[in-house]
Structure formats: C-alpha cells, structure tokens
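The values are calculated or read from the model by the stated rules, or taken from the named source; none is laboratory data. Computed from a predicted model, the values in this text were never measured in an experiment. All Cβ positions, even for glycine, are placed from backbone atoms using ideal geometry, and neighbour counts span all protein chains on display. Heads up: the accessible areas ignore ligands, DNA and RNA and are worked out on the full protein's heavy atoms, side chains in. Shrake-Rupley method; radii C 1.70, N 1.55, O 1.52, S 1.80 Å.
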Amino acid sequence: MKKREKRKIDNKDQSKSKTLEYIDSSISANLNNMKKKTGNSPDIIIRTLKISQNPEIKTSILYVQGLIDNPSVTDFLIESIMKNPHLKEKLLPQEALDVISEDVVSLGRG
C-alpha cells in the first residue's frame, strides 16, 4: 500500500485563516478535493490524459470553462502533450513532468 505524502501549502499571504491545506500525493484525491471545494460546479472541467508507457504516471488538466477557451485547451495543450514524442516513451514521473514543463508549457510563452 502506497503511503500518502502531503505537502503543506503556505497560505499566510492569501488568507488570515489558520487552517492549513495539503496537496495529496494521489491525483484522484486532489481532483475530488477540487470538485468538493467548487461545489461540483459544471464550469470546472477536468480532462484526464494517459501519457508515457508508464502506468504510474497520471495526468489531468483542470480549468474553468468560460475563463479558458475550450478549443485552445484541446488544440494547444492536450494536442501538444499527446503528440510529444518524448511522452510516448517509458518515463519516470519526474521525467514526464520535466518534458511537460520544458517542451509543452514553454511553447505558449513568447
């Protein structure tokens, strides 16, 4: 059984509340938490993708419909991830994150 790791989010600048929030090591738990926090709003869109040949790598894109242009997400972000040749290899989770942050996300910067 995989031990859950939690990382503390420092929210002292965002709120005067003393409640600490954590990011879970489980993507499913984090997505469920986001759904709960947004009241299962239909405006919250979650797209889950299978990347790499490593079954341990789970990837999701979460965005707010209306704030983000849906075709832009599909045409740019998802397509860039799915067509990236490095993400079709068997990668370690950190390697996949590096490819996405360096190759895919950086394409939108300019």
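Taking into account only those residues within segment 80-110 that are open to solvent by less than 80 Å² (accessible area, probe 1.4 Å) and acidic (Asp, Glu), which is nearest to SER28 (Cα to Cα)?
Among those that are open to solvent by less than 80 Å² (accessible area, probe 1.4 Å) and acidic (Asp, Glu), it is ASP98.
Filter segment 36-75 for residues that are open to solvent by 80 Å² or more (accessible area, probe 1.4 Å), closer than 27 Å to GLN94 by Cβ and not β-branched (Val, Ile, Thr) and give the result.
Matches in segment 36-75: ARG47, LYS50, GLN53, PRO55, GLU56, LYS58.
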